[in-house]
Amino acid sequence: MLHYKSNSDSITVNDFKIIFEKTILNISFPTTIDLNKKILEIIFECAEECLTASTGINLEHKIVMSIAIRIKAEHFMKSKITDQTFLNNVDNNSNQTWSLLKKYAEEFNNEKDSIEILKRVNLITPENIHINSFMYEPILDMGDNELRELYKLVKDKLVI
């Protein structure tokens, strides 16, 4: 769920639960969680909560905001790009955001404002947000306000 894929809209908590239970022994999901809830819905709900949270060194908020920003930006680009062959293959690309940005800028070179926002997304949010302290370092150095501002910008300006 670090990138917007062709099946991202349909992935539920239950899909994650199944993977976790197969992978991690003796794990038990909370019984109060709605297993049918979409993961993207949860990510964006959490990102909205991060917008009003107190500022400070909060790695969890920065990770959530970075993921939400990338997913929204990638969803926007995929919704606009018309090259179906490219879109059919981009989910398998290890540099998905960069590939989408290149293709979007090529096809919509007159959309300067959107391209600048997308370049900022590519610069500010790490390509690989995973459990690896090296990749968290750029997020730690960044202020909360910069990610909040970028999330709002992506949400308001990159409309599908």
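The values are calculated or read from the model by the stated rules, or taken from the named source; none is laboratory data. Keep in mind the model is a prediction, meaning the values are calculated, not measured. Virtual Cβ from ideal backbone geometry, glycine too; neighbours counted across all protein chains shown.
Of everything in the stretch 96-114, what is assigned to a helix (DSSP H, G or I), modelled with pLDDT of 95 or more and farther than 11 Å from LYS78 by Cα? Give them in sequence order.
LYS102, ALA105, GLU106, GLU107, LYS112, ASP113, SER114
If the requirement is being among the basic types (Lys, Arg) and closer than 25 Å to LEU158 by Cβ, which of these qualifies: LYS62, LYS22, LYS17?
LYS62
Among the residues of the stretch 16-44, what is the count of those that are of a type outside the set (S, T, N, Q) and in contact (Cβ under 8 Å) with a residue 24 or more places away in the chain?
So in the stretch 16-44, the residues of a type outside the set (S, T, N, Q) come out as 16-22, 24-25, 27, 29-30, 33-35, 37-44.
With in contact (Cβ under 8 Å) with a residue 24 or more places away in the chain added as a condition, the list becomes 37-40, 42-44.
Selection size over the stretch 16-44: 7.
Sort out which residues of the stretch 42-66 are assigned to a loop (DSSP other than H, G, I, E, B) and either loosely packed, with under 12 Cβ neighbours inside 10 Å or of a type in the set (Ser, Thr, Tyr) (or both), and write them in order of number.
The initial filter retains those residues of the stretch 42-66 that are assigned to a loop (DSSP other than H, G, I, E, B), namely 53-58.
Answer for the stretch 42-66, where residues must be assigned to a loop (DSSP other than H, G, I, E, B) and either loosely packed, with under 12 Cβ neighbours inside 10 Å or of a type in the set (Ser, Thr, Tyr) (or both): SER54, THR55, GLY56, ILE57.
Quick check: anything in the stretch 34-41 modelled with pLDDT under 95, at negative phi and part of a helix (DSSP H, G or I)?
no
Inspect the stretch 115-137 for any residue being modelled with pLDDT of 90 or more and more than 30 Å from CYS50 (Cα to Cα) and give the result as yes or no.
no
In the stretch 88-104, which residue that is touching a residue at least 60 places away in the same chain (Cβ under 8 Å) and touching a helix residue (DSSP H, G or I) at 6+ places or on another chain (Cβ under 8 Å) is surrounded by the most Cβ atoms within 10 Å (Cβ to Cβ)?
THR97
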